[in-house]
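Only one structure is covered here, and it is reproduced in the block below.
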Amino acid sequence: MRAFSISFRVVRIRSSRAAHMVAAAALAALVAAWSAACGVPLVRHYEYEEDMTVALDGSATITVNASLAALVALRGAALDTRPAARFDASKVRAFFTSPVTRVLRVSSSRQRGRRFTYVRIETDDIRRLSAAAPFAWSTYQLERTTGQVTYRQVVGAPPATAGPVDARWQGNEIVAFRLHLPSRITYHNTPSKIVERGNILTWEQPLSDRRAGVPVTLEVRMEPTSILYRTLWLFAISGLAATAVMAALIWWAFRRGRRADASGP
């Protein structure tokens, strides 16, 4: 009888796990179906992506995620794009290093049958970034006027050194330019009209258009005070208010106690 009870519990546990797995699979299928119906992919895969975090003083951190084939075809980099070729991080680092850029990290991965690289770069002044060969196809402006800061970037054609590569592209590859802004956005011209997580904007373009040199214009207007600065001020004001309330309560309690002592028996 005891063995039967243990066996029954095992069956119940297995049934419960199976039910959870079925429910999870059904939920995943439902989300995938909704994504397909709405035309919104669950994960966006970019063949070339520039992800830039801009500060109000003009300094920036740029992350480039791209296939080696895209770096050759779009930026004219001299890299070995053969699938079985050894990844040479020193060549990638040298390509992104310039008098106006510092390379912080280089790594690689293999995706969709191609070698991709991840490069993290710093610059002290984004307005000088076009002096670096990997970013020379863009012009950068960061202007401060009364009450707002305007960022404008125009991405032009690839350089003449960019050439054809045998990357076996399918024709649906996408290029992306993403901005992380430091303050509240008052205007932007992204085609999607979407602001992600408060201050992130993305411009997308088909790889074929990018190779053909179809320009992309990124324009953003934002407040001149950073979100972090405003948050710290709010915390400071809240702290002062809480301290004032606490002091008032202590003073009131102390004064009430003195009155009670004065009117004692």
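The values are calculated or read from the model by the stated rules, or taken from the named source; none is laboratory data. Keep in mind that this is a model prediction, so the values were computed, not measured. Using ideal geometry, Cβ is built from the backbone for each residue, glycine included, and neighbour counts are taken over all protein chains shown.
Just a few scattered comments:
- Residues that are small (Gly, Ala, Ser) and under 18 Å from the mean Cα position of the chain (by Cα), drawn from segment 170-194: 176, 183, 192
- When segment 195-226 is filtered for residues that are closer than 24 Å to residue 172 by Cα and of a type in the set (Lys, Arg), the ones remaining, listed by number, are 210, 211.
- Residue 109 meets the conditions (1) free of Cβ contacts under 8 Å to residues at least 24 places away in the same chain; (2) surrounded by fewer than 18 Cβ atoms within 10 Å (Cβ to Cβ); (3) within 29 Å of residue 184 (Cα to Cα) in every case but one. The failed one is (3).
- Filtering segment 130-154 to residues that are under 19 Å from the mean Cα position of the chain (by Cα) and of a type outside the set (Phe, Trp, Tyr) leaves 152, 153.
- Some residue of segment 62-70 being farther than 22 Å from residue 44 by Cα, aliphatic (A, V, I, L, M) and in the same structural domain as residue 175 (by TED's automatic domain parsing): no
- Segment 139-164 - residue that is surrounded by 17 or more Cβ atoms within 10 Å (Cβ to Cβ) and touching a strand residue (DSSP E or B) at 6+ places or on another chain (Cβ under 9 Å) and, of those, farthest from residue 72 (Cα to Cα): 149
- If only residues of segment 167-184 that are among the aliphatic types (A, V, I, L, M) and at pLDDT 95 or above are counted, the one that is farthest from residue 137 (Cα to Cα) is 181.
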